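Working notes, beginning with the structure itself.
The values are calculated or read from the model by the stated rules, or taken from the named source; none is laboratory data. What you are looking at is a predicted structure, and each value in this text was computed from that prediction instead of being measured. When we count neighbours, we look across all protein chains shown, and the Cβ atoms used for this are built from the backbone with ideal geometry, even at glycine. Keep in mind that these areas ignore ligands, DNA and RNA; they rest on the heavy atoms of the full protein, side chains included. Shrake-Rupley method; radii C 1.70, N 1.55, O 1.52, S 1.80 Å.
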Amino acid sequence: MDLTFTQEQDELRKVVRSFLAKYSDEAAVRRLAADPEGHDDLAWRRMAGELGLQGLAVPEEYGGSGFGYVDVGIVFEEAGRALLCGPYFATVALAAEALLRCDDEQARHDLLPGIASGATVATLALTEDIGRWDEPGIRLTAHHTGSGWQLTGTKTYVPDGHLADLLLVAARTPAGVSLFAVDAADAPGLTRTPLPTLDQTRKQARLEFTATPARLLGTEGTAWPALRRTLATASVLLAAEQVGGAAAALDAAVDYARIRVQYGRPIGSFQGIKHKCADMLTDIESARSAAYGGLWALDAGDETEIAVAAALAQVFCSEAFTRVAGDNIQVHGGIGFTWEHPAHLYFKRAKSSEALLGPPSYHRELLAARLGI
């Protein structure tokens, strides 16, 4: 494990932060949070065309750049710092990863270039009304007809499912859990309903399938190992995003503590505020270690280490982001509770991220099972 960043990685962080300062400032975040789609098409195209962010970890043979997960994690950390709105997590951490893990070379050649170029917005539809992230929780069914496969059932809490061009859907067939691709633009029998969410910066949708035609990816009944690995990868990338959000919240708290004067002195000089900010920093640095430990594990490719590191990162980073975002509100006092101040945006993102791929209690169970305790 290399505990330092290369010069190229430092430059990547600098470029991404500069880009997001322009396209994901507070005004843009508030505008997109209020927009039903929550997506800036111009920013999305520039992310792909100028920076190549959608295809950063996609191998070159599929139209990407072939960078490692640490590089992608840097992008997600900066995206979390800026509260990036739009389908970046859904497309890169979920859909692209699922395609890379499934045993279908033709599907990778057909679908990944569109994702890498920014032409395709994609997502993974996994969770259902039962609210589980494991194999038994997949109950949507797929039936084979004379002309192909059809999906029937419901998926919910699908990130950016309301606008995705490509839906990767986990479904159950007589052979077991399988993965299917649905072209959402003109799919018959598909109903997409945006869901009201606590965190308006990350849109989710409910998808209803009624005999909807779909393309089987890989071999029928063999998709769960690929999906399990996809969830582990997404958990680590989400952890990196949570670290970025927590770091932004700490910066805001420290800046305010320097300028807010009470009893004739900056509140940052009071011991109680000093201790709170120090605790926030400790949380963030520990969370960053957990997240980048997971990213290095992904690059190393050891499946056992990935499973443990992903669960650990999600447990620690979810709780750390929530604590830090809440403490940021406390440091700001009354103004931190107002709609006009951005502190609530980070707190809502922290709470929604905490539940996005399963709560910390779920990942503790995974961690215990994988460690045999």
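In sequence order, the range 323-328 has phi-based couplings of 4, 5, 5, x, 5, 4 Hz under the Karplus curve 6.51 cos²θ - 1.76 cosθ + 1.60, θ = phi - 60°, and Gly or Pro positions carry x. Quote the FRET efficiency, to the nearest 0.05, computed for A368 versus T154 with a Förster distance R0 of 35 Å and r equal to the Cβ-Cβ distance. For A368 and T154, the calculated efficiency is 0.70. The slack in the chain from A185 to D129, taken as 0.36 nm per residue of separation less the alpha-carbon distance, amounts to 17.8 nm.
Note on I335 and E26: the model spin-label points, each 7 Å out from Cα along the C-beta direction, lie 0.9 nm apart.
Quick one: dipole size for the chain, taken about the Cα centre, charges +1 on Lys/Arg Cβ and -1 on Asp/Glu Cβ, in debye to the nearest 20.
Working: 34 positive and 47 negative charges, 254 e Å.
Dipole magnitude for the chain comes out near 1220 debye.
Residues whose amide H falls under 5 Å from that of A205, counting only those 5 or more places apart or on a different chain, are Y157, V158, D160, G161, H162, L195, with hydrogens built in the peptide plane.
3J(HN,Hα) along the range 205-215: 9, 9, 10, 10, 10, 10, 6, 7, x, 8, 9 Hz, from the Karplus curve 6.51 cos²θ - 1.76 cosθ + 1.60 with θ = phi - 60°, whole Hz, x for Gly and Pro. Taking 16 Å as the cut-off, the amide N atoms of the range 83-101 that come nearer than this to a point 7 Å along the Cα-to-beta-carbon line of F5 belong to 83. Taking only C-alpha pairs under 8 Å that are 6+ residues apart, what is the relative contact order of the range 242-373 in percent? Once divided by the residue count of the range 242-373, the mean separation gives 31 percent.
Each residue of the range 189-198 was assigned a 3J(HN,Hα) from its phi angle through the Karplus expression (A = 6.51, B = -1.76, C = 1.60, θ = phi - 60°), giving x, 9, 10, 10, 10, x, 9, x, 10, 4 Hz with x at Gly and Pro.
Contour minus end-to-end for A119 and Q106, with contour as 0.36 nm per residue of separation and end-to-end as the Cα-Cα distance? Could you put the intermediate results ahead of the total?
On the way: separation 13, 0.36 × 13 = 4.68 nm, distance 1.86 nm.
Taking 0.36 nm per residue and subtracting the Cα distance, the gain is 2.8 nm.
Accessible area per residue for the chain, computed on protein heavy atoms with a 1.4 Å probe, is 42 Å². Take 195-207, 257-269, 233-245 and order them by the average number of nearby Cβ atoms within 10 Å per residue, most first; the result is 233-245, 195-207, 257-269. Rounded, prolate or oblate: which fits the range 178-230 when a ≥ b ≥ c are the square roots of the eigenvalues of the alpha-carbon gyration tensor, with rounded for a/c under 1.5 and prolate only if a/b beats b/c? Oblate is the answer for the range 178-230, as a/c is 1.5 or above yet b/c matches or exceeds a/b. Taking 0.36 nm per residue of sequence separation and removing the Cα-Cα distance, the R258/R13 pair yields an extension gain of 85.6 nm. Rolling a 1.4 Å probe over the protein heavy atoms of the chain, with every protein chain left in place, gives an accessible area that is 55 percent carbon and sulfur.
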